[in-house]
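This report refers to the structure that appears directly beneath it.
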Amino acid sequence: MNARIVRLLMLMVLLVAQHGLAWSQAGEAELAEQYYQEGEFENALNMYGKLQKKDPTNRAWNLRLNDCMLKLNQVDESISHLERCAKKNPQDFAYPFVLADSYRLKGDLKSATALENNAIEKTIQTEEGFMLAGAFLYQTSRNNLALKTYTQARKTLKNKYLFGPEIANLHTILGNWKDAAREYIMQYEVNPSLASSVTQSIMNLVRPASGAAIEEVLLESVNQSSSDPNLRNMLFEFYVLTENFMEAFVQCKSIDKVFRENGMRVYKFAETMRNNKQYKLANKALDYVIDNHSDSPYYLKAYQDKAINGELMAFEKIPVDTAAIRSAVWDYDQLLMRFGRKVQFYDAMYRKSKLLAFYLFDLSEAVAELESMSRLPLKPIEQAEVSLLTGDVLLMQKDYNKAVLKYDEVAESFKEGQTGALAKFKQGRLSYFKGDFEFAKARLQSIKDNTSNDISNDAIRLFLLIQDNLGMDTSTFALERFAQAQLWVFQREYDTALVVLDSIAYAFPNNVLADEILWEKANIFIQQNELTQALTLLDQIISQYPTDILADDALYTKAKIWDYTYQDAAKAMELYMQFLRNYSNSLFVVEVRKRIRELRAVQP
């Protein structure tokens, strides 16, 4: 046979043998691990023992073999095994740490500590070695030893910034809040470009147990480097996150003055305060911008936002706080008198008109404001909004023909989109008020299925109200009377509306309008600040019609009365929790959950 062929055959035999050995070991390792996972530690010990003899340097098998010994309470055998492994692999940092655990199990604490200290302080001498040892200790939940290893690395290698993220993470795990915060600050010091990520890391540390410690570290840092804007910002962000809003405001003003931010941060802080319903503090921030930054791009915005905050404060209470509404109107007047009725102040004029019409019922003043707006070169969509609001005021003044013309004008100009949908809704609502139910249904049908429009929910509700009542019988008398009562409510003729609503309930006791009548009456009493009567009616809806469309509205309104008007947090919380249990699919769920979180945050 050719010598070359013989060599090839021999090589193939050798390769097949090696592959067979590899496959054999792989199968044995898999079986050994299966025994271990199933708690058959005797079998696992035997299998890993065989594997270890074939490959004495395989750390994974050596450590698993050690685990089996400890599971079987063979502590002495474990120590002997690990000592042999450490002797054969002197550069492998893992064995001293695992061996120390076995010494502790035997009660030899001195030898255990000596092994760990020797490995950390003498054996490991390179950055890579410290990195691998620290990672091993962290992965095996030896967090204190991992921390000690990384800290020793700084001493051995004379670099106080080494392993900053790892050390910060370990301090966090161990609850060393000050040390964790200081580590993040050090990361910023060595690399200021990390300001944003470091700020986020420190904010992630914040929790009830850590707040005081983190504040102390941030104050130290700011005092040591008072000219550093990023450190100041970290302290500011901390105060906002912990809802210490007054301190945040102090820092905010200080940053603005020192670093000449021209009111930008203070204005954004005011926006944050509005989102947190801290309207008074928001206005203090806006006043600061007004008083100190007349040349700022936020100056005029601050004037307008003060009035908006006044509105929002007014809407916090049930019923709406009319004194706060008047104050908001006054704020809008101050802005308009000072800077003139210009296109750029369209929003202020429009909002003022709505407040005058819907909340103060000062229709002549509302009309005057709307007329002055209509003479300005407004955008088409702004002119349409003015026309629709004018139509509402005309409807309140019982000038139905002119109201219809205003609605028709906008509906014709805006056949699609939100503005057109709103015009069609107002057309349908007016037809409903006047008893033309078929035309009302047609108008509402055209927009109710377009869920992209905010008005679609109102359209659906009114459409269903008409359809449900028209389907009962051929008589529309009850629905006509109810629509008339709602029109009188819209026109603020509450006493007349109440008489009509009571007459419907008396004449048609089993009518499907029963819950609607209770709801309408409850809202009238709310507007008249007769909350006891309103709550009685809301309770009737909740108990008698728990699955009908108005039940969630009733319970949500009741909770808000106890929350914002009576300011009984315990009762409000009870009602909000009841709401979540009973109406988890309601549109109000998001707001309810948010309010529950807010109430919990302030409870002792």
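Taken together, the values in this text are just the output of simple stated rules run on the coordinates, not laboratory data. Just so it is clear, the structure is predicted and the values come from calculations on it, not from any experiment. Neighbour counts run over all protein chains shown; Cβ positions are idealised from the backbone, glycine included.
Annotations for the structure displayed:
- For the range 59-119, the helices (runs of 4 or more DSSP H) that sit wholly inside it and include 2 or more residues that are more than 27 Å from residue 38 (Cβ to Cβ) are 75-88, 94-106, 109-118.
- Residues (surrounded by 14 or more Cβ atoms within 10 Å (Cβ to Cβ), outside any helix (DSSP H, G or I) and not hydrophobic (A, V, I, L, M, F, W, C)) located in the range 120-144: 140, 142
- In the set (1) closer than 22 Å to residue 429 by Cβ; (2) charged (D, E, K, R); (3) surrounded by 21 or more Cβ atoms within 10 Å (Cβ to Cβ), residue 493 fails one condition alone, (3).
- Here residue 313 passes the criteria (1) surrounded by fewer than 18 Cβ atoms within 10 Å (Cβ to Cβ); (2) under 30 Å from residue 527 (Cβ atoms); (3) of a type outside the set (Val, Ile, Thr) except the one numbered (1).
- The range 382-406 - residue that is out of contact with any Lys or Arg (no Cβ under 8 Å at 6 or more places or on another chain) and among the acidic types (Asp, Glu) and, of those, surrounded by the fewest Cβ atoms within 10 Å (Cβ to Cβ): 399
- Residue 300, sole failed condition from (1) within 28 Å of residue 343 (Cβ to Cβ); (2) free of Cβ contacts under 8 Å to residues at least 40 places away in the same chain: (2)
- Conditions (1) out of contact with any Ser or Thr (no Cβ under 7 Å at 6 or more places or on another chain); (2) closer than 22 Å to residue 462 by Cα: number failed by residue 535: (2)
- When the range 488-502 is filtered for residues that are in contact (Cβ under 8 Å) with a residue 60 or more places away in the chain and either touching a His at 6+ places or on another chain (Cβ under 6 Å) or part of a helix (DSSP H, G or I) (or both), only 490 remains.
- There is no residue in the range 575-586 that is on the phi < 0 side of the Ramachandran plot and touching a residue at least 40 places away in the same chain (Cβ under 8 Å).
- The helices (runs of 4 or more DSSP H) falling completely within the range 503-571 that include 1 or more residues that are loosely packed, with under 14 Cβ neighbours inside 10 Å and out of contact with any Cys (no Cβ under 6 Å at 6 or more places or on another chain) map to 531-544.
- Scanning the range 165-192 for residues being closer than 11 Å to residue 143 by Cα and in a helix (DSSP H, G or I) gives a total of 7.
- Residue within the range 491-514 that is closer than 24 Å to residue 401 by Cβ and under 41 Å from the mean Cα position of the chain (by Cα) present: yes
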